[in-house]
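S.K.: Just passing along the structure, written as structure tokens.
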Amino acid sequence: MCFATPAATARAADGLRIADDLQATLKLAREQRAPLLLAFMLTTCPYCATARRDYLLPMQASEQWRSRVIMREVVLDSSRPLRDFAGASVTPREFALRYGIRSVPTVIVFDGTGAPATQPLVGLSSSDFYGLYLEQAVEAGLLKIRQAQP
């Protein structure tokens, strides 16, 4: 399943927002009662480029999903510091290792506490079902958040 629409395709050039302050992003997610989707990627990974271009960017551009999930990209081969959920400065690679990420692309949906809401979506195993897997992960995150918050 592909989320592409003419509007989504036009917005795809915008790119995913790069994770820089996850503490602030998590606060925003809590305020919006939306899960946080982190896409762990490498700039040189062709599978990451496909996941970004064909699935994540169209999902981000979709009005249906934009209000239901906050998305950020963690660029593992970046040396730019990242503020983690607790506010500590770490490298993107250090942050990824906390979650056992060893291959890319990996997508994890987090709840409002910074805990993974679902199992990680590792690799680009099946283009026929990848969009569905993303949707299911976001829906599981939404359910977890809404059950936890009044």
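S.K.: Taking into account only those residues within the range 1-21 that are out of contact with any helix residue (DSSP H, G or I) (no Cβ under 8 Å at 6 or more places or on another chain) and modelled with pLDDT of 90 or more, which is farthest from A86 (Cα to Cα)?
M.R.: Here the residue is R17.
S.K.: Hey, another quick one. Mind listing whichever residues of the range 78-94 are of a type outside the set (A, V, I, L, M), in contact with a helix residue (DSSP H, G or I) (Cβ under 8 Å, 6 or more places away or on another chain) and closer than 21 Å to G15 by Cβ?
M.R.: S78, R80, R83 - these are the residues of the range 78-94 that are of a type outside the set (A, V, I, L, M), in contact with a helix residue (DSSP H, G or I) (Cβ under 8 Å, 6 or more places away or on another chain) and closer than 21 Å to G15 by Cβ.
S.K.: What is the number of the single condition among (1) within 15 Å of L142 (Cα to Cα); (2) without any contact (Cβ under 8 Å) to a residue 60 or more places away in the chain that S79 does not meet?
M.R.: (1)
S.K.: Taking the range 87-135, which residues are under 19 Å from P46 (Cα atoms) and among the hydroxyl-bearing types (S, T, Y)?
M.R.: Scanning the range 87-135 gives S103, T106, S125, S126, S127, Y130.
S.K.: How many residues, within the range 90-114, are within 13 Å of the chain's Cα centre (by Cα) and outside any loop (DSSP other than H, G, I, E, B)?
M.R.: The number of residues fulfilling the criteria is 6.
S.K.: Could you tell me how many of the residues in the range 94-136 are surrounded by 17 or more Cβ atoms within 10 Å (Cβ to Cβ), more than 26 Å from A24 (Cβ to Cβ) and in contact with a Ser or Thr (Cβ under 7 Å, 6 or more places away or on another chain)?
M.R.: Residues in the range 94-136 being surrounded by 17 or more Cβ atoms within 10 Å (Cβ to Cβ), more than 26 Å from A24 (Cβ to Cβ) and in contact with a Ser or Thr (Cβ under 7 Å, 6 or more places away or on another chain): 1 in total.
S.K.: Test L134 against the criterion of being within 14 Å of L37 (Cβ to Cβ), within 12 Å of the chain's Cα centre (by Cα) and in a helix (DSSP H, G or I), and give yes or no.
M.R.: Criteria met by L134.
S.K.: Something else: Just give me the residues in the range 76-93 being surrounded by fewer than 16 Cβ atoms within 10 Å (Cβ to Cβ), over 20 Å from T113 (Cβ atoms) and modelled with pLDDT of 95 or more, in sequence order.
M.R.: Within the range 76-93, S89, T91 qualify.
The values are calculated or read from the model by the stated rules, or taken from the named source; none is laboratory data. This structure is a prediction, so every number in the text was calculated from the model and none was measured. Here the Cβ is made from the backbone with ideal geometry for all residues, glycine too, and neighbour counts use every protein chain on show.
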